Each structure stands twice: as C-alpha cells, then as structure tokens.
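Heads up, the thing below is written out as structure tokens.
Throughout, read-outs are computed from the coordinates displayed, never taken from laboratory work. Everything numeric in this text was worked out from a predicted model, so none of it was measured. No Cβ is skipped: glycine too gets one built from the backbone with ideal geometry, and neighbour counts run over all protein chains shown.
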Amino acid sequence: MVIFLFLSGVYYWFDASYSQKIYPGVLIGDTVLSGKSLTQARNILNQKIDQLSQDGITFQCSEKEIKILPVINKSPTGDIVDILIDFDIEKTISQAMSTGRSDNLIQDMIDRSYMFLFTKPVDLVFQIEEEKIMSKIKTEFFPLEGIDAKYYVKDGKLLIQEDRVGKQIDYAQGLQELNYNLKQLNFSNIILADRGTKSPEITKADCVLMIEKAQEIVNLAPITLRYGGQAWPLTKEILADWIVLSKNKTNPVNPTLTIYLDKDKIYNYLKKEIEPKIDEPAKAAKFILQSGKLKEIKTSTAGLELNILLAIEALADLPNNHLKILNLSASRVLNEDIQINTDLGIKEKIGTATTKIIDSTEKRIYNIKQGSSIINGILIAPNEEFSLLKLLSPFDETNGYIKEMVIQDGVFKADYGGGLCQLSTTVFRAIIDAGLPVTERTNHSYWLHYYSPPGTDATIFEPKPDLKFINDTGQYILLNAQVNTDLDLTIDLWGAKDGRIVTKTEPVVYNVIYPGNNFIYTKALAPGVKNCTVYSYNGADVYFDYKVIYKDGTIKENRFSSHYIPHKGLCYVGY
C-alpha cells in the first residue's frame with residue numbers, strides 16, 4: 001500500500017510538473033532533454049545539427065581524411081542539394097516527449113519512477129545514404145588499399161593493371177560506427193580500422209595466364225545491343241571492364257583460374273546506359289474542365305520496362321555463347337483507364353496557388369514548364385495518395401528536362417533537377433489552400449528568397465524527398481498546372497467543395513542566424529574586385545499552423561515546421 005501511494009504521488013507530481021515538458025532522465029547521448037519543452041528541445045538539437053552541417057564528420061585512415069557533410073549544396077542558388085544524412089528532429093523530440101506517456105497507467109507509473117532515479121536514453125532519428133557515403137570514402141582511401149590486377153583497354157590494346165599490396169580498410173565498421181554515433185548525437189571523427197596488409201587475390205601473373213581467353217572476349221567487340229530503332233555498341237573497353245578472374249583454392253599448391261563476366265557491372269551498365277532509353281512509364285489520361293464537363297485532352301498510354309534480367313543472363317554468357325547482336329526485349333506496363341462520366345463530381349475550384357518564376361534562368365523556366373505539362377490534367381481518385389515525385393521522375397532527358405549548371409565535388413557541371421522544386425512548392429501551397437491532408441513534405445535545406453514567405457516551400461529530388469497528399473474529398477480531383485506569359489506558375493485543384501473550412505496562420509520566423517561568407521584572396525581578380533560563386537544562406541526556424549474544420553465538426557490541426565541550415569557563402573577577392 002505504501003509503495004502504491006508513493007508511485008501514485010510520483011505519477012501525479014510528474015503530471016503536474018511536466019505537463020508540457022520532457023520527463024527527467026531523458027537524454028540523447030550526452031545531451032540532456034529533461035525538463036525541456038518541445039520548442040526548447042528542438043532548438044537544442046537544431047543548433048547541434050547546424051554546427052554539424054558546417055563542420056561535417058571526418059573519416060580518417062593513416063594520413064588521409066575525408067569530411068562528410070550531411071547536406072551538399074549542388075547549385076549556386078541552393079535549390080538543388082544532395083542529402084546524405086537526413087535528420088528527423090520532429091520525430092526525435094516527439095519520442096522524447098512521449099517517453100513515460102502511454103495508454104498504460106501502471107506502466108507509466110513504473111517508467112516515471114524509474115526515470116526519476118535513472119536516465120532513459122532516446123535515439124536521434126535519421127536516415128542515411130550509406131551507398132553514397134561509402135562511395136565517397138572508398139574513392140578517397142582507394143590509393144591506400146591493396147587491389148587485384150585486372151584487364152583494361154587502351155588505344156584498342158588489351159593491357160593489365162598491376163596488382164598492389166596495401167591496407168585492408170574496414171569500411172563496414174566505419175559506417176556502423178557512424179550510425180551508432182549519430183544515434184547518440186555524437187559527431188566525433190571516425191578512424192577507419194586497418195585490418196592489416198591486403199595482398200592481392202589476383203596477381204598480374206594470373207592475368208598473364210588468362211590473357212588469351214580475355215582477348216577472345218574483348219575481340220567480340222563491338223557487340224550491338226538493339227531495341228526498336230535504337231542501337232548501343234559494347235566496346236572493347238566495356239567488355240574488358242566486365243572481365244573478372246577468380247581463383248579456386250581447393251588445391252592451394254596449384255589453384256585453378258576461372259574467367260567470367262561480372263553480372264553486377266553488367267546490371268549497372270544496363271541500368272545507367274540502356275534502361276533510361278527504353279523504359280517509359282505508363283501515363284494516365286489527361287483532362288480539362290470545359291463548360292462544366294471533363295474533356296479528355298490526352299489518352300492514357302501503356303509503359304515499357306526493359307527485361308533487364310534476360311539481358312544480363314545473355315551478356316554474362318558471352319564467353320560461352322559468342323554474339324555480335326543482342327536484341328533486347330521490353331514488357332508493356334498497363335495503366336488503368338478512367339471512364340468519363342457525370343459521377344466524377346468535378347464542379348469547381350477547391351484550391352489554388354501561384355508563384356512567380358520571372359527571375360529564373362531560361363533553363364530553369366524551361367524545366368518548370370516541362371514539369372507543368374507532365375502533371376497538368378492529372379486526375380486524383382478518391383482516397384488516392386498523390387505522389388508528385390512519381391509523376392515528375394525520372395529527372396532526365398527522357399522526360400523532356402534539360403540540364404543546367406550544378407555543383408558536384410566543388411566543380412560546376414551540367415545536370416538535371418533545377419526548377420522542379422518551384423512546382424512542388426506551388427503544389428504544396430495549393431494543397432494547403434484546399435484543406436487536404438499532407439502525408440509527406442520536406443522544406444528546402446536553405447532559406448531561399450524566391451520561395452517567400454519562408455516555411456511554405458516543399459522540395460523534391462530523386463529518390464527522395466517527395467511531396468504527397470491524400471484526396472479525402474470523396475470525389476475526383478483534377479490538377480491543372482499552367483505557366484502564363486507573365487511567367488506566373490499556377491496550380492489549380494478542381495473538385496467538389498464539401499463544406500470544410502481551412503485556416504492557416506502567417507509563418508513565424510525565429511532563431512535567425514547570419515553566417516556570412518568565407519573569403520579567398522586571389523591575384524586572378526583585379527584588386528578589390530569580389531566574385532561570390534556560392535551564396536550565403538541565413539539559418540532560421542519557421543512554422544505556421546494549419547487547421548481544417550470538416551462539415552461534421554471534426555477538426556484536424558497540424559503545425560508545419562521548417563528548419564533552414566545556415567550556410568556560409570564563398571567569395572573570391574582580388575588583391
């Protein structure tokens with residue numbers, strides 16, 4: 001009885017003292033969140049992650065090191081970024097706040113008593129692009145590694161790249177350590193373990209023994225891959241890169257060598273070079289609302305998918321089955337037709353938004369117009385979850401997009417992706433105007449002036465993030481996207497109003513940080529001349545509240561929070 005009264009007292013004391021605060025004992029790594037409100041906890045975590053965004057995480061091995069930044073800016077204007085580590089602050093602080101708060105009264109009493117005496121760790125929530133990070137660190141530390149000998153072609157001649165004795169670097173453990181550290185909000189340097197000397201499995205002598213068979217494979221070039229009226233030559237260089245030697249060590253004194261073609265490399269080649277030229281997504285019919293009735297302006301079309309597994313098997317068998325021509329095959333992907341009738345219920349405009357693109361570059365404007373034409377006239381079925389990324393991807397020439405300048409590894413290169421975030425931002429604002437439930441939305445990493453007001457933007461990029469919402473109106477929704485002669489982008493959502501009332505507050509901006517610029521002094525510019533190649537972006541937190549009152553009295557409220565990372569600009573100054 002005494003214990004029960006004690007636990008009851010602790011329970012109600014917790015309720016009274018921490019009604020809007022995180023309970024005692026809750027922490028992430030060494031960062032204490034006890035007694036903090038959601039806003040205070042959010043600020044603490046954002047400050048730490050902002051610092052990480054500036055400093056990065058360093059991987060080290062011997063005398064070499066590489067710095068990994070969670071967000072890599074790929075454009076001078078900041079609207080194209082590569083997110084290697086995506087932190088979910090809202091989910092993290094929600095988990096921290098819910099610790100000790102459940103629907104089980106007895107369990108809560110036990111948990112809160114425990115937390116009063118001991119600590120309760122909570123993990124930082126994040127997603128990490130392990131393949132991209134692995135690729136970056138492997139590229140940097142490749143000169144330290146031991147490598148096998150292999151074949152390559154130069155000036156039409158088959159040659160052998162010599163083997164090399166080097167380090168055996170444990171990249172997998174490094175990534176495990178990174179994941180563990182991030183959960184603890186620990187951004188310390190990571191020392192990649194050296195597992196000792198790595199001697200080559202395949203030596204130059206092995207390659208010499210098998211060079212005649214390798215030459216037979218290389219001499220098959222050119223092999224022509226065909227589909228429809230298209231053709232792609234497999235050159236000697238490509239075939240040599242696919243060749244792999246393996247050693248059977250059943251007899252260690254006299255191991256046997258086997259030559260074959262690497263299916264993983266064949267797959268990667270087909271995915272990158274061939275599949276985008278053949279694959280076509282199934283496209284839904286498109287419509288306009290004319291005189292109160294739907295009119296089909298474009299019929300649905302079936303898609304195509306390369307039968308990539310069949311192609312891989314045929315190419316991998318080249319050493320046994322010599323080919324000069326390989327006819328590729330593709331399967332049709334059908335799309336569900338929508339029958340136009342009076343039951344679709346599209347009567348009036350239920351949401352709209354307009355943004356200006358007049359200050360954009362010609363290529364950015366072109367991509368915005370192209371993206372608009374792709375999504376214009378799309379019908380969204382009742383209860384369907386709409387994905388903007390699914391409609392607009394792939395971000396390449398097959399969808400009619402053109403390249404513009406982006407930053408890759410500090411160098412300006414032409415690539416795709418510019419302008420499509422103007423579409424996602426405008427669609428997001430139209431969704432909000434219509435009072436539809438948003439299921440996925442991510443703000444830009446940087447505070448971009450052309451998406452004013454702040455906190456109302458939405459970014460998309462392949463393979464993520466996406467912009468999604470659910471059509472909960474009970475009727476079809478027609479999406480219209482247009483760019484007029486004044487270069488205004490307008491998104492209209494047409495459907496049937498169901499009596500819902502939508503209100504939203506103006507964005508509240510706080511925690512503003514002014515990072516300034518980094519300066520590099522150079523004689524390449526005249527004295528006093530300044531040339532800024534990367535803009536600086538102020539950091540900030542922004543939120544607005546979104547409330548929908550349905551006809552039956554149901555109320556749904558949501559706060560859309562945005563965190564913008566401060567980012568120093570880069571300016572060259574002549575002296």
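Figures for the structure shown
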{"item": "Bridge type composition, the chain - antiparallel percent by DSSP, nearest 5", "result": "85 percent"}
{"item": "Extension gain, Lys547 back to Glu162 (0.36 nm per residue minus Cα-Cα distance, nm)", "result": "132.0 nm"}
{"item": "For the stretch 379-393 versus the stretch 418-434, the gap between their alpha-carbon centres in whole angstrom", "result": "13 Å"}
{"item": "Per residue Cα convex hull volume in Å³ - calculated over the stretch 341-574", "result": "139 Å³"}
{"item": "For the chain, the spread of Cα positions along each principal axis, largest first, Å", "result": "80, 72, 69"}
{"item": "Inter-centroid distance (Cα atoms) of the stretch 495-570 relative to the stretch 12-91, Å", "result": "18 Å"}
{"item": "Enclosed volume per residue, in Å³, of the convex hull spanned by Cα atoms of the stretch 239-281", "result": "70 Å³"}
{"item": "Separation in nanometres of the label points that stand 7 Å from Cα toward Cβ, at Ile501 and Leu105", "result": "3.7 nm"}
{"item": "Theoretical gain in end-to-end length, Thr354 to Leu323 [0.36 nm per residue, Cα-Cα removed]", "result": "5.6 nm"}
{"item": "Selected from Ala381, Tyr12, Ile312, residue furthest toward positive end of dipole (the chain; charges at beta carbon)", "result": "Ala381"}
{"item": "For the chain, size of Cβ-based charge dipole, Lys and Arg +1, Asp and Glu -1, in debye", "result": "600 debye"}
{"item": "Charge dipole (debye, nearest 20) of the stretch 2-128; +1 at Cβ of Lys and Arg, -1 at Cβ of Asp and Glu", "result": "300 debye"}
{"item": "For the stretch 247-313: Kirkwood Rh in Å [reciprocal of mean 1/r, alpha carbons]", "result": "16.5 Å"}
{"item": "Out-of-range pairs (alpha-carbon distance over 25 Å; input Lys48/Lys120; Lys120/Lys464; Lys183/Lys464; Lys369/Lys464; Lys136/Lys271; Lys91/Lys271)", "result": "Lys120/Lys464; Lys91/Lys271"}
{"item": "Charge-dipole axis of the stretch 275-379 as Lys and Arg at +1 and Asp and Glu at -1 on Cβ define it, positive-most pick from Ile346, Ala285, Ile357", "result": "Ile357"}
{"item": "Kyte-Doolittle mean at least -0.5 and Cα axial length at least 27 Å: DSSP H helices in the chain", "result": "none"}
{"item": "Protection proxy ranking of 464-477, 379-392 - average other beta-carbon atoms within 10 Å, highest first", "result": "464-477, 379-392"}
{"item": "Dimensions in Å of the stretch 2-128 - Rg and Dmax from alpha carbons", "result": "19.2, 67"}
{"item": "Computed magnitude of the charge dipole of the stretch 476-541 (debye, nearest 20; Cβ of K, R +1, Cβ of D, E -1)", "result": "320 debye"}
